[in-house]
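Read-outs throughout are calculated quantities, based only on the coordinates presented, and are distinct from any laboratory measurement. Predicted, not measured: the structure shown is a model, and the values here were computed from it. With ideal geometry, Cβ positions are generated from the backbone for all residues, glycine too; neighbour counts draw on all protein chains shown.
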Amino acid sequence: MYHYLECGLPNIWLENGFDIIEDPDYGECVSIADTKGLHRAIGHNLINNNPKLTGAEFRFLRKELDLSQSALAELIGNDEQAIARWEKKGLAPKWADRLIRILIQDYYGEKGGVKALIDRIRSIDQSKQERQVFKDDETGWKKAA
């Protein structure tokens, strides 16, 4: 298994879909198959299974949208320092948490609509998030069972 810290999230592990390569100049390097697909699987898992996004998870989703802190702040009518605070301290207001989920769902082209997503969020337990393991198979990246 590979602890995928490069995504900025502390609890992501890869079961497969990666190669470890020895580079004479840089040492051990990791090559991940279909990074875009992996990030989509992680994002999908975050918006559908986490009761409240941490600061790191909020940042991950913002980066998935290819938005800087200032661009997201402008989009939602807030200031850049607020976004930075939310990401650093994990204290995004509930409306911002919900809004970024909706934006990601739309960005990924997910079906089900906003109401279904909000209903799903309401049903999630407030349990502590555990290590998340992802695997790559013939249909793409998925959360491992």
- Kindly indicate the residue of the stretch 48-90 that is touching a Leu at 6+ places or on another chain (Cβ under 7 Å) and within 21 Å of Glu130 (Cα to Cα) and also surrounded by the most Cβ atoms within 10 Å (Cβ to Cβ) among those meeting that condition. Glu57
- Specify the residue that is nearest to Gly140 (Cα to Cα); the eligible residues are those in the stretch 1-25 that are out of contact with any Cys (no Cβ under 6 Å at 6 or more places or on another chain) and of a type in the set (A, V, I, L, M). Leu14
